[in-house]
Amino acid sequence: MLAASPRLRATLLRIAQSIPVVIGVVIISFLLTRALPGDPAVYFAGVAADTESIEQTRVAMGLDKPLFQQFFIYVGNLLQGDLGQSLLSGRSVAEDLAKRLPASLELTLTALLLAIAIAVPLGVLAATRPGTWVDHLCRVVVTAGVSLPTFFTGILLIYIFYYLLGVAPSPLGRLDFIYLDPDHVTGFYLIDAALMGDWETWRGAAKQLFLPAATLALFTLAPIARMTRAAMLTALSSDFIRTARAAGLSRQTILYRYAFRNALLPVVTTLGMVFSFALGANVLVEKVFAWPGIGSYAVEALVVSDYAAVQGFVLSMALLFVALNLVIDLLYTAIDPRIGFSSK
Amino acid sequence: MTATTSRRNFLKMGAAGASVLPFLRAMPAAAQGSDTLVVVTGATINSLDLHRSGTSRASYQVGINCYDRLLSFGTKQTPDGGFSYDYQVIEPELAESWTESEDGLTLTFKLKSNATFWDGRKVTAADVKWSFDRAVSVGGFPTVQMKAGGLERPDQFEAVDEETFVIKLDRASKLTIPDLAVPVPYIMNSVEALANATEDDPWATEYLHTTAAGSGAYKVARWTPGEQLVYERNDAWVGGPLPALKRVVIREVPSPATRRALVERGDVQVAFDIPDKDAAELAETLDVFSTPVENCIHCLCPNFAFEPFQDANVRKAIAYAVPYEDIFQAAAYGRGLPMWGGEEEINDIAWPRKTQYYTDIEKAKELMAASAYAEGFDVPLSISLDLASWMEPTALLVQEALGKIGINVTIEKIPGANWRTAVLVEKRLPLHLENFGGWLNTPDYYFFWAYQDGHLFNSSNYRNEEVEELTNATLHMPMDDPEYAPKIKRMFEIVLDELPRIPLYQPALNVAMNGAEGYEFWFHRQLDIRPISRV
């Protein structure tokens, strides 16, 4: 069956290739968290702990054991799907990630869709009408997007739309406290609420999502718009477009079928990059909007040397990026049939 | 009810008790009714069990609001018109009455006969014994705190009959009774806990971590770590007057700017523990309570392990060089109490007290000239990044001031995770900022932690034989003992002369309210929601 489907085989090969990467990430994340200065036993023993109670805490946390033994315990648990117990949240890391990763992804993906919806048409328009007001608008938006830090945009949006105008809901996380969380299916509130047919909660979740997603979109649309504009300009000035024009094809066909499709490749590459740094920029947006996402979780865990949580975060991010790269590679082949997987 | 409460059975519960109804769908008007309160805070509640190792400070509020202790403190009015707990007045909570034996070694408590846990079972002395045994056995912070009151071993506790509980002490101490009213020795439902205990986990730490099982004024209706905790009133509570609020939602909002916007708009009624800057600015429009934290002082600590600081003249020179007023305005925005410019003669035993030092650069220069380090020296001043909001401006001002007397200061910023290890455990920072605050409000308790050799908060490696002796003598002595006051005054005199810690100011705990009243300050610096009501 594998031989019959080269694409499936290539995909499986890709996944197999990522296994060493994941093993490397496991080892490095373990060693790096241990290399962090700071003593979690002292931190978690509490405010008035003495030497004896710090030692008790150390034993309870298993940190008195030699490093390689801790590593084998960690890997053993990992193989059973146990990411360990977060000391900070007091729950298992797997449970925390299952709760928080969808929150971050929902925010990031919404922001990305919003950014694409604005940036791509803007880039295309700017490229087809260079020097006009659309082009200038594009330049202004791009400059503003990269130069305004997200926490500043976030606070500014809250100040205008919530504090002054009162049109946005209270920036209190994913749902106002008057709603109940929808049943957990995907962890994406918009999807889960829609699955339940609970449109009241859906609207509540969408309202909460809008400002933080807009903040993040403002930040991410800059590189997308720039890349779209540049790629479109290159495509429009190339020989095959001249040929197409000479052949008398309609403007519509030239623009979308030939120019845009060729320009898409660098845009998709940029999207992959933008997605990864949007996840990073999430931290600040999460703090400002009390969004219970994975970025703020990781930062808090790092601050108190919560080993299990940091390792779980790094590992899940590694897996996420392996998956992301795979998706982008597959997208390439869909966009440009000339790019195929080598079957070797 | 726990974090595992699913939507479905939560709704079922709602059908049983109309009080849950506002949670159904969107009913903002009802949810914002007079019996619901929304609180925002920046800290995370990471456990429902205070005794667990790793439980965050913010989680102590569950111990306060959901559980009862045998005793509690009374209430008093503060000078600024707010309320505070009263260390001098002990009130019964779960105990109906208590007696002390002649020699002070046996304490006998009679429990309230109508007190019940949330599951309806009567609170018995066996529950009290189990809870106390747990606190002294689990190790870590609860065990240390119990020890402060002379409660160290399970054999000190005895359940005589269903309603009588006896504590036997090795020595009489004035700290025992107050230590029974701090958050730690709370009473858990031992039957429910034991049913969920395992061989590896005899104290049911896993179960009680996610499930509260108490008799307190509020039950936990929902808990999502990192997001919110919802309290619901226990109508059968007998520990005190029934609280006015039926439901209290504690929401975690990390950004101070967002918390401020929420309370200013009135969408939340309480913003707990807000920065000094916001407190100073909001004070004109909202009810802001800035209560100086009892028995807590922000200090500049010269470490005796660092040679130049062994010179008394150098320490005094620093004390005269520090720009106290500027620090108080820049770091605390004037919230809290000044700790400088007081009388040198010690006439009372109030602590924290104003020191005899004030900013006088000329005097500081003279003292430096008289010291063995007249030509000055280099020293790093260490601060914690976690506490940067007050430490950073303070450190910059200290750096500038000490530069004028020839001490060349470089500021060293230490990440929060390393701070405690470096400053308190290894005690290796030559010059640093520190802010110990004692739960039990007596000067000797502060001295025990901060001035006795080898003790955790003595980050200056200070040792003075007389202070050692006096602290040991006064720690358990009743405060009305005729010997107490003279000994305490002598202790003040020594440490304010020798200056292992240079007091800067007493910090405040800031709470902003918009549409609620009845806030009470507590030494544990957490929100006691029981006295609060909507206006």
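The values are calculated or read from the model by the stated rules, or taken from the named source; none is laboratory data. Nothing here was measured: the structure is a model prediction, and the numbers come from that model. Ideal geometry is used to build each Cβ from the backbone, glycine not excepted, and the neighbour counts take in all protein chains shown.
Of all residues in segment A:152-180 being part of a loop (DSSP other than H, G, I, E, B) and more than 7 Å from chain B (Cβ to nearest Cβ), which is nearest to A:Val285 (Cα to Cα)?
Filtering segment A:152-180 for residues part of a loop (DSSP other than H, G, I, E, B) gives A:165-180.
Filter again for more than 7 Å from chain B (Cβ to nearest Cβ), leaving A:165-169, A:174-176.
On the way: A:Leu165: 21, A:Gly166: 20, A:Val167: 19, A:Ala168: 16, A:Pro169: 16, A:Arg174: 12, A:Leu175: 16, A:Asp176: 17 Å.
Per the stated criteria, the residue is A:Arg174.
Among the residues of segment B:468-478, how many are loosely packed, with under 14 Cβ neighbours inside 10 Å and part of a loop (DSSP other than H, G, I, E, B)?
Going through segment B:468-478 one residue at a time, the tally reaches 1.
If a residue must be touching a Ser or Thr at 6+ places or on another chain (Cβ under 7 Å) and part of a strand (DSSP E or B), how many such residues does segment B:160-186 contain?
Here the count works out to 3.
Residue under question is A:Ala281, and the condition is that it be in contact (Cβ under 8 Å) with a residue 24 or more places away in the chain and not in a helix (DSSP H, G or I); does it hold?
No: the conditions fail for A:Ala281.
Which one of these does B:Leu194 not meet: (1) in contact with an Asp or Glu (Cβ under 9 Å, 6 or more places away or on another chain); (2) not in a strand (DSSP E or B)?
It fails just one condition, (1).
Tell me whether segment B:63-73 contains one or more residues that are within 14 Å of another protein chain (Cβ to nearest Cβ), closer than 29 Å to B:Thr224 by Cβ and assigned to a loop (DSSP other than H, G, I, E, B). Reasoning before the result, please.
Just the residues of segment B:63-73 that are within 14 Å of another protein chain (Cβ to nearest Cβ), to begin with: B:63.
Checking the rest, the ones that are also closer than 29 Å to B:Thr224 by Cβ come to B:63.
From what's left, assigned to a loop (DSSP other than H, G, I, E, B): none.
No - not one qualifying residue is present in segment B:63-73.
Which of the numbered conditions does A:Leu87 fail, given that it passes all the others? Conditions: (1) more than 14 Å from chain B (Cβ to nearest Cβ); (2) touching a residue at least 40 places away in the same chain (Cβ under 8 Å).
(1)
Conditions (1) within 10 Å of another protein chain (Cβ to nearest Cβ); (2) among the acidic types (Asp, Glu); (3) in contact with a Ser or Thr (Cβ under 6 Å, 6 or more places away or on another chain); (4) farther than 15 Å from B:Val40 by Cβ, marked per residue:
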| residue | (1), (2), (3), (4) |
| --- | --- |
| B:Leu229 | no, no, no, no |
| B:Pro241 | no, no, no, yes |
| B:Lys246 | no, no, yes, yes |
| B:Val253 | yes, no, no, no |
| B:Glu281 | no, yes, no, yes |
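Quick one: is A:Val303 at pLDDT below 85, more than 27 Å from A:Pro169 (Cα to Cα) and β-branched (Val, Ile, Thr)?
Yes.
In segment A:24-40, what residues are in a helix (DSSP H, G or I) and within 9 Å of chain B (Cβ to nearest Cβ)?
Within segment A:24-40, A:Pro40 is the sole residue that qualifies.
The conditions are (1) touching a Lys or Arg at 6+ places or on another chain (Cβ under 6 Å); (2) within 14 Å of chain B (Cβ to nearest Cβ), and A:Leu326 fails exactly one of them. Which is it?
(2)
Taking the condition of being assigned to a helix (DSSP H, G or I), over 22 Å from B:Tyr87 (Cα atoms) and under 25 Å from the mean Cα position of the chain (by Cα), how many residues in segment B:492-513 meet it?
2
Go through segment B:197-227 and report how many residues are away from every other protein chain (no Cβ under 14 Å), surrounded by fewer than 21 Cβ atoms within 10 Å (Cβ to Cβ) and outside any loop (DSSP other than H, G, I, E, B).
1
Tell me, which residue of segment A:188-207 that is within 12 Å of chain B (Cβ to nearest Cβ) and surrounded by 20 or more Cβ atoms within 10 Å (Cβ to Cβ) is nearest to A:Gly154 (Cα to Cα)?
Across segment A:188-207, the extreme among qualifying residues is A:Ala205.
Here are some conditions: (1) under 17 Å from B:His476 (Cβ atoms); (2) of a type outside the set (S, T, N, Q); (3) within 14 Å of chain A (Cβ to nearest Cβ). B:Asp170 meets all but one. Which one does it not meet?
Exception for B:Asp170: condition (3).
Can you name every residue in segment B:78-111 that is closer than 30 Å to B:Asp287 by Cα, among the small types (Gly, Ala, Ser) and in a loop (DSSP other than H, G, I, E, B)?
Taking segment B:78-111 and keeping what is closer than 30 Å to B:Asp287 by Cα, we get B:78-91, B:93.
From what is left, the residues that are among the small types (Gly, Ala, Ser) are B:81-82, B:84.
Across segment B:78-111, the qualifying residues are B:Gly81, B:Gly82.
Taking segment A:57-105, which residues are crowded, with 19+ Cβ neighbours inside 10 Å, of a type outside the set (A, V, I, L, M) and part of a helix (DSSP H, G or I)?
Within segment A:57-105, A:Thr57, A:Arg58, A:Tyr74, A:Asp96, A:Lys99, A:Arg100, A:Pro102, A:Ser104 meet the criteria.
Which of the residues belonging to segment B:272-308 are of a type in the set (D, E, K, R) and either assigned to a helix (DSSP H, G or I) or free of Cβ contacts under 8 Å to residues at least 40 places away in the same chain (or both)?
Selection gives B:Asp276, B:Lys277, B:Asp278, B:Glu281, B:Glu284, B:Glu307.
Table: residues versus (1) crowded, with 22+ Cβ neighbours inside 10 Å; (2) more than 14 Å from every other protein chain (Cβ to nearest Cβ).
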position: B:Met368; (1), (2): yes, yes
position: B:Ser371; (1), (2): no, yes
position: B:Val398; (1), (2): yes, yes
position: B:Pro415; (1), (2): no, no
position: B:Trp419; (1), (2): yes, no
position: B:Glu426; (1), (2): no, no
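Filter segment A:292-312 down to residues that are touching a residue at least 60 places away in the same chain (Cβ under 8 Å) and in contact with a Gly (Cβ under 6 Å, 6 or more places away or on another chain) and give me whichever is farthest from the other protein chains (Cβ to nearest Cβ).
Filtering first and then ranking leaves A:Ala308.
Would you mention how many residues in segment A:142-151 are away from chain B (no Cβ under 11 Å) and either over 30 Å from A:Met227 (Cα atoms) or out of contact with any Phe, Trp or Tyr (no Cβ under 9 Å at 6 or more places or on another chain) (or both)?
The total comes to 4.
Quick one: in segment B:146-187, of everything that is of a type in the set (Ser, Thr, Tyr) and buried (at least 18 other Cβ atoms within 10 Å of the Cβ), which residue is farthest from B:Leu50 (Cα to Cα)?
Selected residue: B:Ser173.
Just to be sure, is B:Asp481 part of a loop (DSSP other than H, G, I, E, B) and of a type in the set (Asp, Glu)? Lay out the reasoning, then the answer.
Numbers: part of a loop (DSSP other than H, G, I, E, B): yes; of a type in the set (Asp, Glu): yes.
Spelling it out, B:Asp481 is indeed part of a loop (DSSP other than H, G, I, E, B) and of a type in the set (Asp, Glu).
Are there any pairs, at least 6 apart or on different chains, whose C-beta atoms fall under 7 Å, with the first in segment A:107-123 and modelled with pLDDT under 95 and the second of a type in the set (S, T, N, Q), and if so, which?
These pairs meet every condition: A:Leu107/A:Asn282; A:Thr108/A:Asn282; A:Ala111/A:Thr220; A:Leu112/A:Thr220; A:Ala115/A:Thr220; A:Ala119/A:Thr228; A:Val120/A:Thr228; A:Gly123/A:Thr228.
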